[in-house]
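The values are calculated or read from the model by the stated rules, or taken from the named source; none is laboratory data. This is a predicted model, so every value here is computed, not measured. Methodologically, a virtual Cβ is constructed for each residue, glycine included, from the backbone with ideal geometry; neighbour enumeration extends over all protein chains shown.
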Amino acid sequence: MRGYKLPDGSPLPTQQLADYQKSVHYATLTKGRDLSAPTCNDCHGNHGAVPPGVGSVADVCGTCHVVFAQKFSASVHKEIFDKGCVECHGRHAVLKPTDDMLGVTGPGICVPCHNDADKSDQGAAAAVAMRRDIERLKTGIEQTGALIARIRNAGIEVSDQQLALREAGTRLTLARTEMHAFAPARVAPIIAAGVSLVAAVDRAGQNGVAELRYRRRGLFASLGAILLVVAGLGLKVRQIDRRQPGRQRADG
């Protein structure tokens, strides 16, 4: 396509394939062996391939990411972003989403439009609130998961707690999905349910730690008692051995 011009006379870009090869879609296709991952014709069509129109970009993404598109369509950004999903995720070099993208500092993609220093910026406040909630649940799952793994390796039954942590992880995924509606009030209840699950698991984990301590104290006490019995038996055997020669002389 090199040498062709756009309607405004500028050169037609030709780096689309190189950008696509950087994307999560390409990694899913080539490394993940997922043949359902989108390729060029999924967005542009087959024989009559054309660039998606400005008004259809979000619809193209929404054919695969239906729930995200529904959340976005109900958001305040729907009327602001004329390119829909592309505004935040890019066109061809669509990178794997991370929680770092939700922020108004550093690598956060909210930075171009929102300023954390501006206290009147409601969009910045919303991004900060949602990111804080997501990080709170994510950190809780990680820390409590490590606790449960530790007591499981020590022999405590934790299958119910592992199941609850997976449910908390589902809540985290739901929160990340709901975030596309850009309404902290819709994310907060999901996070609260996840945090409640994590708190219950953490309490069970702390009880498991206490049980391990009790078991260890009982083991030490048992070992101490066994050692005392062994020592007593040893002393008794020695006493018997010392008496034995005297008995032999008396018999003679």
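A few remarks follow.
- Look at region 4-17: where a residue is assigned to a loop (DSSP other than H, G, I, E, B) and a partner is of a type outside the set (Phe, Trp, Tyr) and exposed (fewer than 10 other Cβ atoms within 10 Å of the Cβ), sitting 6+ places away or on another chain with Cβ atoms under 9 Å, you get LEU12/MET1; LEU12/ARG2; LEU12/GLY3; LEU12/LYS5; PRO13/MET1; THR14/MET1; THR14/ARG2.
- Residue match in region 116-123 (condition: more than 30 Å from ARG216 (Cα to Cα) and basic (Lys, Arg)): yes
Rundown of residues vs (1) within 18 Å of PRO97 (Cα to Cα); (2) at pLDDT 85 or above, yes/no style:
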{"site": "HIS25", "(1), (2)": "yes, yes"}
{"site": "GLY32", "(1), (2)": "yes, yes"}
{"site": "SER36", "(1), (2)": "no, yes"}
{"site": "HIS44", "(1), (2)": "no, no"}
{"site": "VAL50", "(1), (2)": "no, no"}
{"site": "ALA58", "(1), (2)": "yes, no"}
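- Residues in region 139-195 that are over 30 Å from PHE81 (Cβ atoms) and among the hydroxyl-bearing types (Ser, Thr, Tyr) were compared, and the one that is nearest to the chain's Cα centre (by Cα) is THR139.
- The number of residues in region 158-187 that are among the aliphatic types (A, V, I, L, M) and loosely packed, with under 15 Cβ neighbours inside 10 Å comes to 2.
- Of the residues making up region 77-94, those that are out of contact with any His (no Cβ under 8 Å at 6 or more places or on another chain) and in a loop (DSSP other than H, G, I, E, B) are ILE80, PHE81, ASP82, LYS83, GLY84, GLY90, ARG91, HIS92, ALA93.
- Test: residue in region 179-191 that is touching a residue at least 24 places away in the same chain (Cβ under 8 Å), over 29 Å from ALA124 (Cα atoms) and not small (Gly, Ala, Ser): no
- Residue that is of a type in the set (Val, Ile, Thr) and in a helix (DSSP H, G or I), where the choices are ILE134, ILE109: ILE134
- Taken over region 210-235, the criterion of being over 21 Å from ILE148 (Cα atoms) and of a type in the set (A, V, I, L, M) is satisfied by LEU219, ALA221, LEU223, ALA225, ILE226, LEU227, LEU228, VAL229, VAL230, ALA231, LEU233, LEU235.
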